Amino acid sequence: MTTDEPVGDNTKVPAPKTAIIVPTLGQRPQYLRECLSSIRQSGRVHIRLVAPSSYQPSSEIRELCDDIVTDLGGGLANAIHSAITTLPTSIFYVNWLGDDDQLLPGGIETLEKGLEDGTEAVLAFGGCAYVDAAGRALFVNRSGAWASPLLSIGPQLVSQPAVLLRRATYERVGGLDTSLRFAFDLDLLLKARRTGKLRHVDKVVAAYRWHPDALTVGGRRQSVTEASHVRKQHLPPVLRRVSILWEPLVRNAIFITGLAVTQRMVRRGTQ
């Protein structure tokens, strides 16, 4: 709902300032219900579901969403980008969430406050819990403000589910690069950082589900390679030429770390 809503005493509840896009194929209904319910508990949010035209949502899913739009194809980044650019004009902050991920209670309220406390911030990000397919804790990414400068030369420790971006900034930088399959979130973070501050809020606000069907887990090697390409493209020309000194080490470290998490899941018997 994007206009002020009357309540019992005839006062009006402010319309949501934030929209969260949830792209789905509709193949994981339990995860999707948990995802949408978690967004509802995170703050006042406009939830837009993006799904193929063949998808038939249950009445429960329809009630949890504010609207459902059709994925016209062209890849995940294109589905998210199209959904963001056609949001109501009342929306000021945006992000997307995988249909198997979650926001924590009050998470959006925390991120909104992080943006509103300082007008120089173009993006706010918090901590992110990583859980396995059964929802059991793996680890928590509590990276601080130093995660922002590290984006250029190291692992992406600004967890995408735990981010909230000004819509004006999204539009200013041209939104997502729809030619990318895996690292379009990293590319967006680096573009946004050129325009202002990425503000860290010291609270865990989201949960990422690590399982074999997740896009960046199943295509780990491709994901790591594409992220390396994105980092190099955003470096100044002089540093780009010498990035061969550290990029192979960074790629290997990220890949090995991901394998270690997956192996931990195997030992738990969650795959």
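Might you let me know whether the range 7-17 holds any residue that is modelled with pLDDT of 95 or more and either surrounded by 13 or more Cβ atoms within 10 Å (Cβ to Cβ) or closer than 16 Å to V163 by Cα (or both)? Can you show your working first?
Initially, the range 7-17 is screened for residues modelled with pLDDT of 95 or more, giving 16-17.
Cutting the leftovers down to either surrounded by 13 or more Cβ atoms within 10 Å (Cβ to Cβ) or closer than 16 Å to V163 by Cα (or both) gives us 16-17.
Within the range 7-17, one or more residues are modelled with pLDDT of 95 or more and either surrounded by 13 or more Cβ atoms within 10 Å (Cβ to Cβ) or closer than 16 Å to V163 by Cα (or both).
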Original post:
Is it the case that some residue within the range 115-137 is under 23 Å from V205 (Cα atoms), basic (K, R) and surrounded by 15 or more Cβ atoms within 10 Å (Cβ to Cβ)?
Top reply: no
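Output yes when any residue across the range 104-112 is at pLDDT 95 or above and more than 23 Å from K197 (Cα to Cα), and no when none is. Explain how you work it out, then say what you get.
Let us first name the residues in the range 104-112 that are at pLDDT 95 or above, namely 104-112.
Next cut, more than 23 Å from K197 (Cα to Cα) only: 104-105.
Checked the range 104-112: at least one residue is at pLDDT 95 or above and more than 23 Å from K197 (Cα to Cα).
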**OP:** May I ask you to list the residues in the range 144-166 that are modelled with pLDDT of 95 or more and β-branched (V, I, T)?
**Re:** V158, V163
Subject >> Residues (surrounded by fewer than 19 Cβ atoms within 10 Å (Cβ to Cβ), within 21 Å of K12 (Cβ to Cβ) and of a type in the set (V, I, T)) located in the range 38-90 >> reply: T89
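Looking for something touching a strand residue (DSSP E or B) at 6+ places or on another chain (Cβ under 6 Å), in a strand (DSSP E or B) and either at positive phi or not basic (K, R) (or both) - is there at least one such residue anywhere in the range 81-88? Walk me through how you get there before you give the answer.
The first filter runs over the range 81-88 and keeps only residues touching a strand residue (DSSP E or B) at 6+ places or on another chain (Cβ under 6 Å), leaving 83-84, 87.
Then drop every residue that is not in a strand (DSSP E or B), which leaves none.
Checking the range 81-88: not a single residue is touching a strand residue (DSSP E or B) at 6+ places or on another chain (Cβ under 6 Å), in a strand (DSSP E or B) and either at positive phi or not basic (K, R) (or both).
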Original post:
Quick check: anything in the range 101-108 assigned to a helix (DSSP H, G or I) and either farther than 21 Å from A147 by Cβ or under 15 Å from the mean Cα position of the chain (by Cα) (or both)?
Top reply: yes
Original post:
A77 versus (1) touching a Ser or Thr at 6+ places or on another chain (Cβ under 7 Å); (2) at pLDDT 95 or above; (3) assigned to a loop (DSSP other than H, G, I, E, B); (4) not polar (S, T, N, Q): which is the lone unmet condition?
Top reply: (3)
Original post:
Is at least one residue of the range 42-59 farther than 30 Å from R172 by Cβ and among the basic types (K, R)?
Top reply: no
**OP:** Answer yes or no: is there a residue in the range 28-39 that is in contact (Cβ under 8 Å) with a residue 40 or more places away in the chain, of a type in the set (S, T, N, Q) and under 15 Å from G98 (Cα atoms).
**Re:** yes
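The values are calculated or read from the model by the stated rules, or taken from the named source; none is laboratory data. Note that the coordinates shown come from a computational prediction; the quantities given were computed from them, not determined experimentally. Ideal geometry is used to build each Cβ from the backbone, glycine not excepted, and the neighbour counts take in all protein chains shown.
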